[in-house]
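Accompanying notes for the structure given below.
Rule-based calculations on the coordinates, nothing more; no lab input. All figures in this text were calculated on a predicted structure; none of them were measured in a lab. Because the Cβ atoms are built from the backbone with ideal geometry, glycine has one as well, and the counts that use them run over all protein chains shown.
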Amino acid sequence: MALIFYGSTTCSLCGCVLKENENILAIPAAIANKADPLYKFNDQAFHLECLKKQPEYKELELMLSLLNKHKSSKICFVCNLPITKPDDYIGLGLLTSDNSNPMFKYNFLEFHKQHFYEWEERKVLAEYLKIQKESHQWVGDSLDFILG
Ligand SMILES: [Zn+2]
Ligand SMILES: [Zn+2]
C-alpha cells in the first residue's frame, strides 16, 4: 500500500500536499503489468476528486473492490483452505483491467505455493502471458515464475 504522510506526501495528479481532512485514495502496488492502463496509478496516493476526473476511474474502482474482497480472504483457489504462512502464499494481483482480456478471470487469485504449481490451468495462464508478452500487451517480469 502506498504510504501517506499527511503534510508531505503529494497527490500524484495535482501535485498538492495531501491533508488529513481530505478525501484520499491510496492505490496499492498490486498492478503487475506495466502496460496496463491502470499501471500509472500503481503504488501512489491521490485526492479522490482528482482521480474521479480520470477516464480510467471506473476500471480503477472495479479493481479496488476486487482487491478488497481478496485482501480479506487469503483463501487458496485450488483447495479452498486458508493460506496462513506468508512463505506459502502466491497472489497473482491485477493481471489486467480489461474485462475482454482472457486473463481477466485470473485477477487476484491466491494459492498455496504447492497448489499453484499443481493447478491445471496454470499452463493456460502461462500461455496467455507468453502471447501477451510477445505482443507487448504485457510488460514487466514480476510474473515470469508462472512461465517456468
Ligand atoms: Zn489532487
Ligand atoms: Zn491450497
Unit charges on C-beta of K, R, D, E only; dipole of the chain, Debye: 140
Between S142 and N21, what is 0.36 nm times their sequence separation minus the Cα-Cα distance? Round to one decimal in nm. 40.0 nm
Using a 10 angstrom Cβ neighbour count of at most 15 plus a DSSP loop assignment to flag exposed chymotrypsin sites (Phe, Trp or Tyr not before Pro), which longest range of the chain is free of such sites? 7-148
In vacuo Debye scattering of the chain, one point per C-alpha: log10 I(q)/I(0) at q = 0.13 Å⁻¹? -0.65
Run the reach check for K69 against aspartates and glutamates, Cα to Cα strictly under 19 Å, same-chain hits fewer than 8 apart removed. What comes back? D43, E59, E61, D98, E110
Within the chain, what is the longest stretch that has no GluC sites (Glu not before Pro) placed in a DSSP loop and near at most 14 other beta-carbon atoms within 10 Å? 23-119
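Multiplying the sequence separation of K130 and Y39 by 0.36 nm and subtracting their Cα-Cα distance, what value in nm do you get? Walk me through the numbers on the way to the answer.
Numbers: separation 91, 0.36 × 91 = 32.76 nm, distance 1.93 nm.
Using 0.36 nm per residue and subtracting the Cα-Cα distance, I get 30.8 nm.
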Cross-link partners among lysines for K130, C-alpha distance below 26 Å, same-chain residues fewer than 8 apart left out? K34, K40, K105, K113
Helix 57-71 axis, angle to the chain major axis (alpha carbon atoms, nearest 10°): 60
FRET efficiency estimate (nearest 0.05) - Cβ-Cβ, C79 to E120, R0 22 angstrom: 0.95
In which sequence would T9, T84 go, from the one with the fewest C-beta neighbours within 10 Å to the one with the most? T84, T9
Taking D87, D98 and counting other C-beta atoms within 10 Å, the order from fewest to most: D87, D98
